[in-house]
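Below is one structure, written out as structure tokens, with a few remarks after it.
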Amino acid sequence: MAGPVLLAIDQGTTSVRASLCDGGLRARWTRSEAVERSFPRPGWVELDAEALVEATERVVAGALADGGLHARDVAAVGLANQGETVVVWERATGKPIAPAVVWQCRRTEAECARLREDAGVAAWVREATGLPIDPYFSATKLAHVLDSVPGARARADRGDLCAGTLDAFTIFRLSGGRRFVTDPSTACRTLLADLATGRFDERLCELFRVPRSVLPEVVSSDADVGPVRVGDGFATLRALLCDQPSALLGTGCTAPGDVKCTYGTGAFVQMSTGSRPLEGADGLLRSIAWEIGGARHYLLEGSVLSAGDVLTWLRDGLGMIARPEEIDDVLGRTPDSAGVLFVAALGGLGAPRWVGEARGTILGLHRATRREHLIRAALEGIAHQVADVLDVASELVARLPGVAEGPGVRAMWADGGLASSRAFLRLQADLAGRALRCSAEGEATTRGLAAVAAVGAGLASSVEEAARLAPSLVVEPALDEAERLSARARHRQLVDLATSAGVLSLCKD
């Protein structure tokens with residue numbers, strides 16, 4: 001292929017992907033490899049960070065080989081990471097001292113509950129960070145590793161350890177220990193960074209008992225990080241983003257009020273809010289989308305903790321499907337769930353309720369219930385939770401300066417695994433009561449990274465222009481509004497039941 005290429009690396013929860021993109025941000029060669037997670041106890045989720053970096057190196061080398069390319073052909077590298085997952089490692093050797101604790105892990109629920117008992121502290125943390133005190137985020141995970149590994153706290157105090165998210169660990173390893181950095185879009189997911197600056201805050205570090213000295217330097221999302229190992233040589237890393245903000249950018253959602261949902265292991269609804277964080281967003285998260293050209297751009301997020309993971313459970317845990325692609329067939333020949341209702345809270349309930357101890361709930365089973373009804377009910381449960389987030393977000397849209405449309409008007413961009421199913425998109429559009437837009441350009445996370453890297457390499461004039469997309473598919477809602485409202489009311493009643501004190505006490509591990 002004539003001309004330089006851009007290398008976009010996406011470290012997701014279930015796979016790591018490397019894509020070589022041309023100047024038009026089209027992925028020409030892509031390699032991916034599964035990421036193995038372990039579940040040592042109920043609610044605990046871990047991964048081998050060393051294995052993740054090795055997989056990253058293999059998929060990069062494979063993509064280069066597929067294109068007959070070398071490191072010298074790569075104009076710039078972009079790296080997206082899965083966000084709140086953390087690892088602690090030895091500064092001298094780069095070796096982790098324990099498995100990485102994944103964003104899904106709920107092991108620090110009791111510690112978060114203890115911190116939330118002080119209403120003043122909880123309010124201050126939410127105001128300072130834009131986030132609630134919850135095990136989803138990194139701070140209590142890092143403290144847990146330092147407390148649970150013998151001698152770790154003393155080693156941290158001596159300066160022997162580094163701690164951070166997977167991007168910081170990967171860059172440390174691929175730069176030979178020369179660079180130890182993260183960007184604001186990832187730093188602000190740790191509960192340790194100030195939302196106004198995107199930088200780590202000493203007071204937050206003290207509260208969560210994470211020494212500031214073990215954390216990385218925070219650089220801009222478009223920083224020239226320097227050379228990192230790429231296949232047979234080195235190339236310059238010029239784009240650093242958390243995966244979901246990268247997907248927001250990759251769908252062209254750069255104007256206030258633009259909304260997207262990425263369906264991965266979880267489903268992540270994000271709304272661009274411009275140069276300032278939105279106030280009064282209880283139940284949704286305020287976060288930094290990116291820092292480019294010295295300017296910070298903010299977003300509003302609702303995290304559905306189990307989406308694609310529900311399909312993985314149906315396949316691996318229950319044997320109900322052999323592969324995710326079967327859902328089109330199931331939805332096509334199963335017009336309803338025959339009264340079966342499902343709360344898809346396999347890893348707790350995220351936005352807008354944030355009930356970490358909630359568990360998946362199925363109601364309405366009867367003798368005529370079939371496998372297809374359970375599968376459809378599970379997919380409806382995912383779509384309902386996304387609709388829950390959209391209901392809250394749409395009420396906030398009108399507060400944004402420069403947004404012409406009223407609440408609930410804008411269509412939502414959809415990308416990720418479940419977005420490849422037209423049958424699921426129809427289900428989502430019906431239950432959300434709004435149109436969905438999809439692009440033929442593939443992985444939005446990859447495109448967002450490539451856009452930032454392209455500007456850094458001088459291949460594009462602006463990130464907004466590079467990332468702009470026209471939809472290749474628009475799915476309009478077709479469900480009668482009365483039916484939609486009835487279905488939404490049943491779902492809310494079921495969630496009320498699933499999060500009631502009596503049910504929660506029954507489901508304690």
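Note on segment 77-124: residues that are under 30 Å from Ser19 (Cα atoms), hydrophobic (A, V, I, L, M, F, W, C) and not in a loop (DSSP other than H, G, I, E, B) total 9. Any residue at all in segment 249-259 that's part of a strand (DSSP E or B) and in contact (Cβ under 8 Å) with a residue 60 or more places away in the chain? Scanning segment 249-259 turns up at least one residue that is part of a strand (DSSP E or B) and in contact (Cβ under 8 Å) with a residue 60 or more places away in the chain. For segment 341-378, enumerate the residues that are out of contact with any Gly (no Cβ under 8 Å at 6 or more places or on another chain), assigned to a strand (DSSP E or B) and β-branched (Val, Ile, Thr). Correct list: Thr361, Ile362. Taking the criterion of being touching a residue at least 12 places away in the same chain (Cβ under 8 Å), surrounded by fewer than 19 Cβ atoms within 10 Å (Cβ to Cβ) and outside any helix (DSSP H, G or I), the residues of segment 133-164 that qualify are Val149, Gly159, Asp160. Which numbered condition in (1) hydroxyl-bearing (Ser, Thr, Tyr); (2) over 19 Å from Gly348 (Cβ atoms); (3) within 20 Å of the chain's Cα centre (by Cα) is the only one that Thr85 fails? Every listed condition holds for Thr85 apart from (2). Looking only at segment 23-53, residues that are surrounded by 14 or more Cβ atoms within 10 Å (Cβ to Cβ) and not in a loop (DSSP other than H, G, I, E, B) come to 15 in all. If only residues of segment 472-509 that are assigned to a helix (DSSP H, G or I) and β-branched (Val, Ile, Thr) are counted, the one that is modelled with the lowest pLDDT is Val503.
Across segment 287-328, what is the total count of residues that are among the basic types (Lys, Arg), more than 19 Å from Gly266 (Cβ to Cβ) and either modelled with pLDDT of 90 or more or touching a strand residue (DSSP E or B) at 6+ places or on another chain (Cβ under 7 Å) (or both)? Steps first, answer last, please.
Within segment 287-328, the subset among the basic types (Lys, Arg) is 296, 315, 323.
Add one more test, that the residue is more than 19 Å from Gly266 (Cβ to Cβ), and what stays is 296, 323.
Then keep just the ones that are either modelled with pLDDT of 90 or more or touching a strand residue (DSSP E or B) at 6+ places or on another chain (Cβ under 7 Å) (or both); that gives 296.
Number of matching residues: 1.
If the condition is being surrounded by fewer than 23 Cβ atoms within 10 Å (Cβ to Cβ), closer than 13 Å to Glu90 by Cα and either of a type in the set (Lys, Arg) or within 19 Å of the chain's Cα centre (by Cα) (or both), then segment 168-182 contributes only Arg173. Find all pairs meeting these conditions: Cβ atoms under 9 angstrom apart; at least six residues apart or on different chains; first residue within segment 291-302 and without any contact (Cβ under 8 Å) to a residue 60 or more places away in the chain; second residue assigned to a strand (DSSP E or B) and among the acidic types (Asp, Glu). Listed by first residue and then by second, the contacts come to His297/Glu291. Taking residues in segment 312-336 that are more than 21 Å from Ser15 (Cα to Cα) and in contact (Cβ under 8 Å) with a residue 60 or more places away in the chain, and partners anywhere that are part of a loop (DSSP other than H, G, I, E, B) and not aliphatic (A, V, I, L, M), the pairs with Cβ atoms closer than 9 Å and at least 6 places apart or on different chains are Asp328/Ser421; Leu331/Ser421. Just checking, which of Thr190, Thr186, Thr236 is over 28 Å from Ser394 (Cβ atoms) and crowded, with 22+ Cβ neighbours inside 10 Å? Just one listed residue meets the conditions, Thr190. Within segment 367-386, residues that are more than 26 Å from Val355 (Cβ to Cβ) reach partners that are part of a helix (DSSP H, G or I) and of a type outside the set (Ser, Thr, Tyr) with beta carbons closer than 8 Å, at six or more positions or on different chains, in the pairs Glu372/Val330; Glu372/Arg333.
The values are calculated or read from the model by the stated rules, or taken from the named source; none is laboratory data. All of these numbers come straight from a predicted model, not from anything done at the bench. All Cβ positions, glycine included, derive from the backbone under ideal geometry; neighbour counts span all protein chains shown.
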